[in-house]
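Notes for the one structure printed next.
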Amino acid sequence: MKKQLVLLAAGAMALVSRQGLSQTVTYVNYKAPVFRHATNQRFSHHRQLFFMADINPALCNQMVSSAIKKDSAQAIFQRAAAEEFEKLKYSTVKDSLDMSVAIMVRDLDITPYQGAAGLGSFNTGTTYTVNGNVTEYVFNRSGEPYVQRNIKLPGTVTLTEADAIVTPFNKVLANNKAVDMYRVMMKCVKQIALERKKVLADDFYEEEISLPIIYRAKKKYPEFAAIDSLNEALIHELKKKDTKDYTALVKPYEKTYQQMLQQEYPKDYNLKPIKVTAYSQLAYLYYLASDTVNLKITMDSLYANSYKFLGARTDYDARGPLLKTLTGYYASANARKYPLDSTTGQVRDKMFSTQKLAEGWILLTEGDTIKGRHIEEKFAGSILNLDAGIYIKYEITNEKGKQVEKSYKVNNIKSFGYLNRLFEVHKFKPTFLQSKALSFDMLKAKSYPLEVIYNSPKIKILKENYGDEPTNMILFIRPGETEVANQGRDWEKKKEEMLKEYFKDSPAVLSKLASNSYDLKTEKGYLQLAEDYSK
């Protein structure tokens, strides 16, 4: 099929060659929207982010004309920043927010970069040495701070025509240096906002996608000229934004490249570029499908076949960030989620701790149900909570009508609830790796509060996510069982075999287990298994 590198829409792609010795693998750059899960899944309930930017009053005074009132200048900066975020289609409407991200520019200074003249054709603008710091705050809907972090601005920033900015704040700036400081500042602020949006929110993001082809395939390997059209077809599908789960979309492409690796070729064919192209393509497909297992296997094969240049394996290094992105996502996929609005009760400070109280109840093994306010307690500094994992604390009304704190031993609790969350106490024995941050007795199962995330007459799905350092293990138990099923070293070693034995009374589940249809790295996979089993 004839290559259409020049004809694709509005210069959306450019040909980039990897200058290896053989020059047999070439990469084509595309741009397309790709749906990505938030890197930090603890915030995955949040959909609307409100972005704002502010400037240190002292820095603002340094940049603006003496003719403008200082308070007015700072207000003008804030409004101008909001307009720039709106151009990026970031929410700046407070009424729709789930979470606010505030970026405060604390200090900034720029000087012309002395080495800029030596950057050659790569420098298409003016480069500055930058010395500056920003503080970022992330708040929930109720104004409670989730995150505060200090960010050092990059050491050098190049300003191009694309970084031109014209806002009301330009009109109050004192001189040309202040104008360039403002341009550097807003470029950095917008980049920080983009990075944080990817960390905090699931969404479609415009990505630059490098897909390989075999150099001059039509001349040397004619059957591989069709890879161009496969690339274009994949990008066309991504641009439709028809799906947020690419598992089915990548299947036919995956099959094509696997066949490419498996078929036999004439003796005069150079197999290395064929393998590099196929493994590089498969790596990107598995990244789209969030398939860490196959991505890792493919990356190992790509490493073995990548070209070496000055000690680097260029093709492998180009795909390395994909695995890092997915690993970060899965690291927090099962973690306890930050609620949209966590203040439903009182927050109070004590001498050594901060307490958050929420209306709830507790059911004891003796049969008594007690209503009160659940207490979540954070201790200050290095002070240890010696009751962690042993007691659940509530504020209750005693016989004299006074509000008092009372700790209930976990072994004496059947269940408890607060903030629309239900916890049950069950026996559970984590492995050493699961409990490395805790001090559990590894020889026997103990009682743990486990959140019920699925409940049917046939099975419950539980999550060990109570307290400051939970294992976030996804567990299950059936009626009549005294301990959760999937626990201990034996289960970790023989998971596949023991799963099939445990669910042998369900042909539907056994069939899907045999075909690896459940993603048991995530909560979602266990919930699907439970639904199938319950049917």
Margin query: For the full complex of protein chains and a 1.4 angstrom probe, list 468, 203 by accessible area with the highest value first.
Written below: 468, 203
Next item on the list: Order 260, 498, most accessible first, counting only protein heavy atoms with a 1.4 angstrom probe.
Entry: 498, 260
Note to self: At 0.36 nm per residue, and after removing the present C-alpha to C-alpha distance, how many nm does the segment from residue 512 to residue 88 gain when stretched out fully?
What the structure shows: 148.3 nm
Next item on the list: Please name whichever of 270, 179, 257 sits farthest to the positive end of the charge dipole of region 169-292, dipole taken about the Cα centre and charges placed at Cβ: Lys and Arg +1, Asp and Glu -1.
Entry: 179
Note to self: Going by Cα centres, region 480-533 and region 66-88 are how many Å apart?
What the structure shows: 56 Å
Next item on the list: Hey, for a label at residue 199 modelled as a point 7 Å past Cα toward Cβ, could you say which residues of region 23-57 have their backbone N under 17 Å away?
Entry: 37-47, 49-54
Check: Which three extents, in whole angstrom, do the alpha-carbon atoms of region 195-274 cover along their principal axes, largest first?
Finding: 51, 23, 20
Notebook entry, point to check: Under a Cβ-Cβ cut-off of 15 Å, what is the net charge of the residues other than residue 182 that fall near it, where Lys and Arg count +1 and Asp and Glu count -1?
Noted result: -1
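The values are calculated or read from the model by the stated rules, or taken from the named source; none is laboratory data. Note that the structure is a prediction, hence the values are computed from the model and not measured. No Cβ is skipped: glycine too gets one built from the backbone with ideal geometry, and neighbour counts run over all protein chains shown. The protein model used for the area step is the full one, side chains on, heavy atoms only, and it has no ligands, DNA or RNA in it. Shrake-Rupley method; radii C 1.70, N 1.55, O 1.52, S 1.80 Å.
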